[in-house]
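**Q** Sharing a structure with you now.
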Amino acid sequence: MSRRAVFLDRDGTIIRESHFLHRPEDVELLPGVANSLKRLHEAGYALVVLSNQSGVARGLFDLAAVAAVNQELERQLAEQGISLDGIYICPHHPEAESKEFGIVCNCRKPAPGLALQAAEELDLDLEGSWMMGDKPDDVLLSQTLPLRAILLRTGYGRAREGEVAHLAGLHRADDMESATDWILETEGLS
């Protein structure tokens, strides 16, 4: 039986935004994230990170650096009793000069590739799922898949909110705690 999920951007959503984060020691959970993720998990949602990591394509860091940051994120969450169901990254960017990663792909948000891969691998019900992030590309994913989206005003969210003002049904939240409240209230789970 398929589970519902909350798809989450990583930088600026779960952890403090750090331009082209590539050092594990710079991973810092945002306030309220651990409690929010616990509440979502207890409500039966799979927790899945979808993250564009164009620094790989731009040659700023490699896939090993991305993996090290993700391992540190998982370690910090584990200390809080939280485990993620999956982390999916896109290392591509169409304007990068890298022959391997400088491509147009189906996995760079807002393209649906990462979410579709996660849904298949983890048996997720997209129609009952949510996307939460701080950038337009995060919430625009809801235009290609049957996801409901929440733009967080953390990270880049407040500064770039106007770019998605046209999206009908987009909810906005100041932080993950208020976004979690919204999801659980909307679903009658609070």
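**Q** As a footprinting exposure proxy, order TYR156, TYR45 by other Cβ within 10 Å, with the fewest listed first. Spell out each step's value before the answer.
**A** On the way: TYR156 21, TYR45 25.
Placing the least packed residue first, the sequence is TYR156, TYR45.
**Q** Okay, moving on. In Å and from the alpha-carbon atoms only, list the Rg and Dmax of the chain.
**A** Rg, Dmax (Cα atoms, Å): 15.5, 49.
**Q** Can you pull the Kirkwood radius for the stretch 23-77, inverse mean 1/r over Cα pairs, to one decimal in Å? The partial results should precede the final answer.
**A** On the way: mean 1/r = 0.0785 Å⁻¹.
Mean inverse Cα-Cα distance, inverted, gives 12.7 Å.
**Q** If amide hydrogens are placed 1.01 Å from N in the peptide plane, which non-local residues have theirs closer than 5 Å to the one on ARG4?
**A** Amide H neighbours of ARG4, under 5 Å, 5+ apart: ALA46, ASP125.
**Q** Turning to a different aspect of this structure: Please list 3J(HN,Hα) in residue order for the stretch 146-156, calculated via the Karplus relation 6.51 cos²θ - 1.76 cosθ + 1.60 where θ = phi - 60°; whole Hz, with x for glycine and proline.
**A** Running phi through 6.51 cos²θ - 1.76 cosθ + 1.60 with θ = phi - 60° gives x, 10, 9, 10, 10, 8, 8, 8, 9, x, 8 Hz.
**Q** With a cut-off of 16 Å, note down the residues of the stretch 50-80 whose backbone N falls inside the zone around a label point 7 Å from the Cα of SER98 toward its beta carbon.
**A** 51-70
**Q** Return the FRET efficiency for the residue pair ASP26, ARG158: r is the Cβ-Cβ distance, R0 is 35 Å, and the value is rounded to the nearest 0.05. List each step's numbers first, then the result.
**A** On the way: r = 21 Å, r/R0 = 0.61.
Taking R0 as 35 Å, the efficiency between ASP26 and ARG158 is 0.95.
**Q** Quick one: what does P(r) look like for the stretch 64-106 with 5 Å bins over all Cα pairs, in whole %?
**A** Percent of Cα pairs in each bin: 6, 19, 20, 16, 15, 11, 10, 4, 0.
**Q** Have a look at the DSSP beta bridges in the stretch 1-110 and tell me what percent are antiparallel, nearest 5. Don't skip to the end; give the middle numbers.
**A** Numbers: 1 of 11 bridges.
Given both bridge residues lie in the stretch 1-110, the antiparallel proportion sits at roughly 10 percent.
**Q** Roughly how big is the chain's charge dipole about its Cα centre, with Cβ charges of +1 (Lys, Arg) and -1 (Asp, Glu), in debye to the nearest 20?
**A** Working: 18 positive and 31 negative charges, 51 e Å.
Rounded to the nearest 20 debye, it is 240 debye.
**Q** Right, something else. Taking θ = phi - 60°, what integer Hz values does the Karplus form 6.51 cos²θ - 1.76 cosθ + 1.60 yield along the stretch 30-35, in sequence order, with x for Gly and Pro?
**A** 6, x, x, 5, 4, 4
**Q** With a cut-off of 19 Å, note down the residues of the stretch 31-56 whose backbone N falls inside the zone around a label point 7 Å from the Cα of SER18 toward its beta carbon.
**A** Residues passing the 19 Å test: 31-34, 50-56.
**Q** Using a Cα-Cα cut-off of under 21 Å, which lysines could be cross-linked to LYS109, ignoring same-chain neighbours fewer than 8 residues away?
**A** Cα-Cα hits under 21 Å: LYS99, LYS135.
**Q** Send over the per residue convex hull volume for the stretch 1-103, Cα only, as a whole number of Å³. It would help to have the intermediate numbers written out before the result.
**A** Details: hull volume 10.6 nm³, N = 103.
Expressed per residue, the convex hull around the Cα atoms of the stretch 1-103 is 103 Å³.
**Q** Name the residue from LEU167, ALA149, SER178 whose Cα lies farthest towards the positive end of the charge dipole of the chain, charges +1 on Cβ of Lys and Arg and -1 on Cβ of Asp and Glu.
**A** Farthest towards the positive pole: LEU167.
**Q** Considering only the other residues whose Cβ falls under 15 Å of the Cβ of GLU187, what net charge follows from Lys and Arg at +1 and Asp and Glu at -1? Please report the intermediate quantities before stating the final value.
**A** Values: positive: ARG3, ARG4, ARG39, ARG148; negative: GLU42, ASP125, GLU127, ASP181, GLU185.
Every neighbour counted, the sum reads -1.
**Q** If you don't mind, there's one more thing I want to ask. In whole Hz, what ³J(HN,Hα) sequence does the stretch 167-174 give by Karplus (6.51, -1.76, 1.60; θ = phi - 60°), x for Gly and Pro?
**A** Whole-Hz 3J(HN,Hα) from phi for the stretch 167-174: 6, 6, x, 6, 8, 10, 9, 6.
**Q** Ranked highest first by average number of other Cβ atoms within 10 Å, how do 100-106, 53-59 line up? Mind dumping the intermediate values first?
**A** Working: 100-106: 14.0, 53-59: 20.3.
The most tightly packed comes first, giving 53-59, 100-106.
Rule-based calculations on the coordinates, nothing more; no lab input. What you are looking at is a predicted structure, and each value in this text was computed from that prediction instead of being measured. No Cβ is skipped: glycine too gets one built from the backbone with ideal geometry, and neighbour counts run over all protein chains shown.
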